[in-house]
Amino acid sequence: MKNTISAAAQRTGLRVAIVGRPNVGKSTLFNRLAGRKLALVHDQPGVTRDWREADCHIAGWPFVVIDTAGLEEAFDESLEARMRRKTQEALGGADLVLFVVDSRAGIVPMDQHFAAWLRQNNDAPVWLIANKCEGTKGKEGYYDSFSLGLGEPIALSAEHGEGMAELYSEMVKYAKDAGVELSEDDEDEEGSLASDEAFDAREDEGAIRFEFNPERPIQMAVVGRPNAGKSTLVNAIIGQDRFLTGPEAGITRDSISVDLQYQGRPIRLFDTAGLRRQARVVEGLEKMSVADSLRSLRYAQVVILLMDADSPLDKQDLTIARRVIDEGRALILAVNKWDVTENRQETLQAVRDRVERSMPQIKGVPILTLSALHKKGLDELMQAAVDLFQVWTVRFSTALLNRWLHERLENHPPPLVGGRRIKIRYITQAKTRPPTFMLFGNKVDELPDSYRRYLVNALREDFNVWGTPIRLNARRAANPYAK
């Protein structure tokens, strides 16, 4: 049994792994400790497949909580065996293990098997957690759990929060005894961009600048249809066999993030579940997985749409791309499995033609080819993501924009509406992420869509704002004599 923890764990907090057989409430306990609904929870066994972790604080003491897949007696190359190996990897760096059993179902032979396995093959202390002890139905299973030889169990109900106070108290006591440092108050990560460090792009007195904090991670999400190679791509980027992969479609269910560094910039990369056509999503669990993927898409800043080279940018890919654009996220189109593609030039040209025809509102979107399996094209992909994120955060000074607008209006004035000319007097950038502009003037809300597209395309060409959505809104000037 491990009596001491590493110096890194003393500074950053204990790593607490939650293990047990399928459907005993591990993910529910993980969400309760994390204080957020991060992991999918469903009555169906085996929902969790990849292990995930979350930072949490209990009474000021830092912990890293790890949710793992259900332990199963499988030792071949099946999906269950691969899940068990991933759980073993997560246990390798744990300072404390919470072994969860279902008190209502009682102790089963699988519980006894894995309790003995933990005693023999694990160096970290193992605490027995008797879950689902609410009411009187779990009492018999609670007393039976003493037979596992892991000491006195902690009775709780992760779903209802009963008994969590005792678990918190024991974890804080263990952290103190292990010498974990008390954490300081965290900075507000949702602060406004006004407090971020801004970087000038040109020597024009800040006429063009990029608003981002280099210390905050760039949020990137990899999305796409099932079996497009998303998990393989994330594994290739981080250089580890972190996520489950295989020939089976739909292996990934949870959206799980992993942190990495690229050229000194912190990046948080999200692996997401495959998105099928909505009409085909009928099961409740798949609906939850899709909702989790869409939530990751909404919170992402750069989205990598991964497509299969056999049928790139089909109807479902276009649906996903349009959703990304509607959310205002920076988009990269990545064609995977390029190493096995025969007609490469024809395939790439077909994708470009489809983008130009079906997504004219996001001209200049990067279209990259790669092979996640053979780790080819990854540097180009990551560099494009970092560059596109910078474009996504660009801000132009009002003086520069109005000089540009004056020149454009002279070259191509707005058309007549109802026999009267639209007068555009002023333009300013309302916000970044994505670049959003406001037009002010007389009857500007009646501008034809064609003229709006002209101004948006002119912004792209003159300021090199390619590959990111641009929003152009109009506001009519108030008439003081209207009443």
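The values are calculated or read from the model by the stated rules, or taken from the named source; none is laboratory data. Just so it is clear, the structure is predicted and the values come from calculations on it, not from any experiment. Ideal geometry is used to build each Cβ from the backbone, glycine not excepted, and the neighbour counts take in all protein chains shown.
Restricting the first member to the stretch 81-108 and to residues that are under 30 Å from G135 (Cα atoms), and the second to residues that are of a type in the set (D, E, K, R) and not in a strand (DSSP E or B), the beta-carbon pairs closer than 6 Å and six or more apart or on different chains are V100/K26; V101/D111; D102/K132; S103/K132; R104/K132; R104/K137; G106/D144; I107/D144. Candidates in the stretch 63-72 are the residues that are surrounded by 21 or more Cβ atoms within 10 Å (Cβ to Cβ) and modelled with pLDDT of 85 or more; of these, the one that is farthest from V101 (Cα to Cα) is F63. Please determine whether any residue of the stretch 461-480 is more than 30 Å from M220 (Cα to Cα), surrounded by 15 or more Cβ atoms within 10 Å (Cβ to Cβ), outside the structural domain of G328 (by TED's automatic domain parsing) and not aliphatic (A, V, I, L, M). There is no residue in the stretch 461-480 that is more than 30 Å from M220 (Cα to Cα), surrounded by 15 or more Cβ atoms within 10 Å (Cβ to Cβ), outside the structural domain of G328 (by TED's automatic domain parsing) and not aliphatic (A, V, I, L, M).
Here A228 meets the list (1) part of a loop (DSSP other than H, G, I, E, B); (2) at pLDDT 85 or above; (3) surrounded by fewer than 17 Cβ atoms within 10 Å (Cβ to Cβ) almost entirely, failing just condition (3). When the test is whether a residue is touching a strand residue (DSSP E or B) at 6+ places or on another chain (Cβ under 8 Å), at pLDDT 75 or above, buried (at least 17 other Cβ atoms within 10 Å of the Cβ) and among the acidic types (D, E), D55 does not pass it. Checking each residue in the stretch 339-371 for being closer than 21 Å to D326 by Cα, touching a residue at least 60 places away in the same chain (Cβ under 8 Å) and not in a helix (DSSP H, G or I) picks out K363, G364, V365, P366. Are any of the residues in the stretch 258-273 modelled with pLDDT of 70 or more, of a type in the set (K, R), out of contact with any Leu (no Cβ under 9 Å at 6 or more places or on another chain) and in a loop (DSSP other than H, G, I, E, B)? Within the stretch 258-273 (the criterion being modelled with pLDDT of 70 or more, of a type in the set (K, R), out of contact with any Leu (no Cβ under 9 Å at 6 or more places or on another chain) and in a loop (DSSP other than H, G, I, E, B)), the answer is no, since none of the residues qualifies.
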